[in-house]
Amino acid sequence: VEKVYETKEGRRIVALNKVTTSFKRGEFVAIVGKSGSGKSTLINILGGLDIPDAGDYFLEGNNIIKINEGQWDAIRNEKIGFIFQEYHLIEYLSVYKNVEIALKYQKGLNKKAREAKIRQILDEVGLIDHIHKTPGQLSGGQRQRVAIARALVKDPAIILADEPTGALDYKTSESVIELIKGLSKERLVIVVTHDRGIANNHATRIIELTEGQFTSDL
């Protein structure tokens, strides 16, 4: 795929320069590189938040490069969970309600099954005792765990995490990354990070981006 941005002054910035790769379930991939190397552009294209200017994107054998926004909504709802550096939690809602939002468009779940699923996920991320708190009553690490629970509750095949530990201290980062790493046993997990320690110590695969090109894939 290829992605080019134009500045107001008319300057072309090549964010992704004809990159080619494939990912499979069970991988924990770290995408590393300096600021402006194209990391976030790549993960945004993988999640359908951005559209490449050229190329193909096959998801489970189907080329989804030309699908419309409604079809992308369905794919994101069923197959992709997002974890962001800024958490993107709704401050006036409880932990439970923040996670429940992810199930808003899921069909076939009655209220009892939905509640059991949310409680199970919150238990898995160690937040079952904080279920009625609002985000403002939680630490940074706990807030990120709510975001992980929200991404997980849909049981997606793909987890995309953009700098998930960027706002956390070292000890909290390690516990959050261990939690995310555990998810890759049954799904594909792709993490954008500037932290080489996270990549070297936890990832099963490291892709390095430099000026929109893959300079290594180990």
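The values are calculated or read from the model by the stated rules, or taken from the named source; none is laboratory data. Predicted, not measured: the structure shown is a model, and the values here were computed from it. With ideal geometry, Cβ positions are generated from the backbone for all residues, glycine too; neighbour counts draw on all protein chains shown. Side chains are part of the model used for accessible areas, which takes the heavy atoms of the whole protein and leaves out ligands, DNA and RNA. Shrake-Rupley method; radii C 1.70, N 1.55, O 1.52, S 1.80 Å.
Ordered by residue, what ³J(HN,Hα) values in Hz, to whole numbers, does the range 89-97 give under the Karplus form 6.51 cos²θ - 1.76 cosθ + 1.60, where θ = phi - 60° and Gly and Pro are x? For the range 89-97, the Karplus curve yields 8, 8, 5, 8, 9, 5, 3, 4, 5 Hz.
Each Cα pair under 8 Å and six or more residues apart adds its sequence gap; the mean of these over the residue count of the chain is a relative contact order of 34 percent.
So what is the calculated 222 nm ellipticity per residue for the chain, using -39500 (n - 2.57) for each DSSP H run with n of 4 or more, over all residues, to the nearest 500 deg cm²/dmol?
Numbers: 7 runs with 73 residues, N = 218.
It comes out at -10000 deg cm²/dmol, rounded to the nearest 500.
Quick one: check the C-alpha center-to-center distance for the range 175-218 versus the range 21-62, whole angstrom. So the separation of the two Cα centres works out to 12 Å. Segment Ile101..Ile67, full-extension length gain: 9.8 nm, with 0.36 nm per residue of separation and the alpha-carbon distance subtracted. Residue by residue, the range 150-155 carries 3J(HN,Hα) couplings of 5, 5, 7, 4, 7, 6 Hz when phi is fed to the Karplus relation 6.51 cos²θ - 1.76 cosθ + 1.60 (θ = phi - 60°); x denotes Gly or Pro. Taking the average, over residues, of other Cβ atoms within 10 Å as the packing measure, peptides 50-58, 137-145, 195-203 rank 137-145, 195-203, 50-58 from highest down. Taking amide hydrogens as placed 1.01 Å from N in the peptide plane, the amide H of Ala15 sits under 5 Å from those of Lys3, Val4, Tyr5, each at least 5 positions away in sequence or on another chain. Expressed as a whole percent, the accessible area of the chain that falls on carbon and sulfur atoms is 49 (1.4 Å probe).
Coupling constants for the range 126-132 follow from the phi torsions by the Karplus curve (6.51 cos²θ - 1.76 cosθ + 1.60, θ = phi - 60°), and in residue order they are x, 10, 4, 7, 10, 4, 9 Hz; glycine and proline get x.
Per the Debye formula on identical point scatterers at the alpha carbon atoms of the range 1-109, with no solvent, log10 I(q)/I(0) at q = 0.22 Å⁻¹ is -1.36. So for the range 123-218, taking the charge dipole from beta-carbon charges (+1 Lys/Arg, -1 Asp/Glu), which of Tyr170, Leu127, Val191 sits furthest toward the positive end? The residue sitting farthest along the positive end of the dipole is Leu127.
With the Cα gyration tensor of the range 45-116 in hand, convert its eigenvalues to equivalent ellipsoid semi-axes via √(5λ) and list them largest first in whole Å.
Values: eigenvalues 160, 55, 16 Å².
Those come to 28, 17, 9 Å.
Ignoring ligands, DNA and RNA, what accessible area per residue does the range 61-218 give at 1.4 Å, in Å²? Don't skip to the answer; put the middle values down first.
Numbers: 8090 Å² over 158 residues.
Solvent-accessible surface per residue comes out at 51 Å².
Amide H contacts under 5 Å for Gly81: Ile158, Ile159, Leu160, restricted to partners 5 or more places along the chain or on a different chain, H placed in the peptide plane at 1.01 Å from N. Label zone (Glu211, point 7 Å along Cα-to-C-beta; backbone nitrogen cut-off 14 Å) within the range 38-80: 38. To the nearest ten degrees, helix 170-183 and the longest principal axis of the Cα atoms of the chain are 90 degrees apart.
Over all distinct Cα pairs, what is the inverse of the mean 1/r for the chain, reported as the Kirkwood hydrodynamic radius in Å? In the chain this quantity evaluates to 18.1 Å.
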